[in-house]
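See structure below.
The values are calculated or read from the model by the stated rules, or taken from the named source; none is laboratory data. What you see is a predicted model, and the numbers here were worked out from it, not measured in a lab. Every residue, glycine as well, gets a Cβ built from its backbone with ideal geometry; the counts of neighbours run over all protein chains shown. Surface accessibility is based on the protein's heavy atoms, side chains included, excluding ligands, DNA and RNA. Shrake-Rupley method; radii C 1.70, N 1.55, O 1.52, S 1.80 Å.
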Amino acid sequence: MEKHIKAPISKEVSRKLRAGDYVYITGTIYTARDAAHKRMDDVLKNGENLPVDMVGQTIYYMGPSPAREGRPIGSAGPTTASRMDRYAPKLLDLGLTAMIGKGKRSKEVLDAVKRNGSVYFAAVGGAGALLSKCIKTSEVVAYDDLGTEAIRKLYVEDFPVIVVADCEGGYLYESAIKEYKKI
């Protein structure tokens, strides 16, 4: 099924998404990769506030290349999501609604997705130049010293993703294999 949704993504919307849905996101999302996740984890361990309130937010696991003249961002393809697995359950418990990356997730992340009524989307790896065309604005909002791994606030229009893990336990990486074996 194809759906067009607005970001920030409400739990009401995320709870209706199912593994295998094609989704186009329009609105505000944030980027964060390994170094930013580590820094956010340290901030939480120190009892401090995160630079972005996670409630209702979407994190895109991406570190862009430099922007070409006249563009807000360079190539913007997804990075491997499993590198953020040690941090994701805590952020989901703090209200994070969605994550965008590529590749499989751990049982702990999938359990947190279910527990929190959240969703994990996959963006097409290797299509960073095409995906960047959906990004209309990009602004560093935290951890500027991390360079490409700084947290960025993006405004996206019709950003294409596929639901990989939904809050009902649907997990496309398992269900697709089962369907393929039937053929």
### Task
Output the qualifying pairs, or none if there are none: Cβ atoms under 6 angstrom, residues six or more apart or on different chains, first residue in segment 150-168 and of a type in the set (F, W, Y), second residue at pLDDT 95 or above.
Y155/T28; Y155/K136; Y155/T137; F159/I25; F159/C134
### Query
T137 versus (1) within 12 Å of the chain's Cα centre (by Cα); (2) open to solvent by 60 Å² or more (accessible area, probe 1.4 Å); (3) of a type in the set (S, T, N, Q): which is the lone unmet condition?
(1)
### Query
Within segment 107-114, is even one residue over 18 Å from V23 (Cβ atoms) and in contact with a strand residue (DSSP E or B) (Cβ under 8 Å, 6 or more places away or on another chain)?
yes
### Task
Using the structure shown, decide if G147 is out of contact with any Phe, Trp or Tyr (no Cβ under 6 Å at 6 or more places or on another chain), closer than 16 Å to G74 by Cβ and in a loop (DSSP other than H, G, I, E, B).
no
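Can you tell me which residue is nearest to A7 (Cα to Cα) among those in segment 23-48 that are open to solvent by 60 Å² or more (accessible area, probe 1.4 Å) and either not in a helix (DSSP H, G or I) or not basic (K, R) (or both)? Explain how you work it out, then say what you get.
Of segment 23-48, the ones open to solvent by 60 Å² or more (accessible area, probe 1.4 Å) are 24, 38-39, 45-48.
After this cut, where a residue has to be either not in a helix (DSSP H, G or I) or not basic (K, R) (or both) as well, the list is 24, 46-48.
Details: Y24: 10, N46: 29, G47: 28, E48: 26 Å.
Only one residue tops the list, namely Y24.
Output the residue which, of all residues in segment 63-102 that are polar (S, T, N, Q) and open to solvent by 10 Å² or more (accessible area, probe 1.4 Å), is modelled with the lowest pLDDT. Reasoning before the result, please.
Kept after step one, since they are polar (S, T, N, Q), are these residues of segment 63-102: 65, 75, 79-80, 82, 97.
With open to solvent by 10 Å² or more (accessible area, probe 1.4 Å) added as a condition, the list becomes 65, 75, 79-80, 82.
On the way: S65: 86, S75: 89, T79: 93, T80: 95, S82: 97.
Result: S65.
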#### Entry: Residues of segment 109-144 that turn out to be part of a helix (DSSP H, G or I) and farther than 17 Å from Y30 by Cα, as a count
10
### Summary
Residue count, segment 26-55, condition among the β-branched types (V, I, T), in contact with an Asp or Glu (Cβ under 9 Å, 6 or more places away or on another chain) and under 18 Å from I151 (Cβ atoms), comes to 1
### Query
Would segment 49-62 turn up any residue that is of a type in the set (A, V, I, L, M, F, W, C), within 15 Å of the chain's Cα centre (by Cα) and exposed (fewer than 15 other Cβ atoms within 10 Å of the Cβ)?
yes
